[in-house]
Amino acid sequence: MKCASCQMKTKNMCDKEAFDCTGGKYSLDECFEEENKPFHRLSGYFQSVHGNNLSRLDELIMFSKKMGYKKLGMAFCVGLTEEAAILEKILSQHFEVYSACCKIGGLKKEDYEIPKVKEDKIEVICDPILQAKVLANDETELNIAVGLCVGHDMLFNKYSKAPVTTYAVKDRILGHNPLAVCYSSYLRKKYLNKKYE
């Protein structure tokens, strides 16, 4: 499947017609499992009732309330501490909020064969697995990823006991807005021609 390029050519036809491009090759039994139904319903509900007038934060709060969640967890990057503190303050008006910083375990890079930026300094690595364990200990019902590194976000998602939603992704160059590559003709040109080893 190459849906992204197909959508550009057909102008989102699959959003306008009930057509299964896969030819019915996949079972969709999971969609009918009771534990999965609320996730589908609420996403559709927000769009139906509010159109495109909700921010990500609005949707996060409303979704959590509709699901009956009381305890939210936040796994955040130390580089976004200020943003995480603001988000925690806002969410704490509605929920019990627990948070775990990426450096929580105090693991040294040299102990894990990870190259250091400055050899003469102590450098601590991120510990997304411990973030997941700490939030599980707090019995969070939904975890929010805020600015975790590529790779660390995958480990956090893998080990989180609660469902995970991403509030923000890390992009050190583009102000944590990786979609800027899609919106800027200069950046598009740069990345369409960039070579990697």
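The values are calculated or read from the model by the stated rules, or taken from the named source; none is laboratory data. Bear in mind that the values here come from a model prediction, so they are computed numbers and not experimental data. Using ideal geometry, Cβ is built from the backbone for each residue, glycine included, and neighbour counts are taken over all protein chains shown. Please note that ligands, DNA and RNA were not included when accessible areas were found on the heavy atoms of the full protein model with its side chains. Shrake-Rupley method; radii C 1.70, N 1.55, O 1.52, S 1.80 Å.
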Item to check | FRET efficiency, 1/(1 + (r/R0)^6) with R0 45 Å, evaluated for GLU139 and ARG188 via beta carbons | outcome: 0.50
Checklist entry - Which is farthest toward the positive dipole end of the chain among GLY23, MET13, GLY44, measuring Cα position about the Cα centre, with Cβ charges +1 (Lys, Arg) and -1 (Asp, Glu)? => result MET13
Checklist entry - Cα centroid distance between segment 73-123 and segment 27-54, in Å? => result 31 Å
Item to check | Heavy-atom accessible area per residue - segment 1-138, 1.4 Å, Å² | outcome: 71 Å²
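Given contacts defined as C-alpha pairs under 8 Å and at least six residues apart, what's the relative contact order of the chain, whole-number percent?
16 percent
Would you work out what percent of the accessible area of the chain, with all protein chains in place, is carbon or sulfur (probe 1.4 Å)?
The C+S portion of the solvent-accessible surface of the chain is 55 percent.
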Checklist entry - Mind checking the dipole of the chain: about its Cα centre, +1 per Lys or Arg Cβ, -1 per Asp or Glu Cβ, Debye to the nearest 20? => result 880 debye
Checklist entry - How long is the gain from PHE19 to SER5 if the chain were fully straight, where each residue apart is worth 0.36 nm and the alpha carbon distance is subtracted? => result 3.3 nm
Item to check | Among GLY79, MET62, VAL97 - extreme Cα towards positive end, dipole of segment 50-97, charges at beta-carbon | outcome: MET62
Item to check | Structure-based [θ]222 nm, the chain - -39500 (n - 2.57) summed over DSSP H runs of at least 4, per residue, nearest 500 | outcome: -11000 deg cm²/dmol
Checklist entry - What percent of all Cα-Cα pairs in segment 12-108 falls in each 10 Å bin, counting up from 0? => result 12, 29, 29, 20, 9, 0
Checklist outcome for this item: If amide H atoms are modeled at 1.01 Å from N in the peptide plane, then the residues at a separation of 5 or more from MET74, or on another chain, having amide H under 5 Å from its own are TYR98, SER99, ALA100, ILE144
Item to check | ³J(HN,Hα) computed for each position of segment 63-68 - Karplus, 6.51 cos²θ - 1.76 cosθ + 1.60, integer Hz, glycine/proline x | outcome: 4, 4, 5, 5, 7, x
Next on the checklist: Given a 1.4 angstrom probe, what's the average accessible area per residue across segment 142-197, in square angstrom?
Outcome noted: 72 Å²
Item to check | Karplus-derived HN-Hα couplings along segment 69-79 (A = 6.51, B = -1.76, C = 1.60, θ = phi - 60°), whole Hz, x at Gly and Pro | outcome: 5, 10, 10, 10, x, 10, 9, 10, 7, 4, x
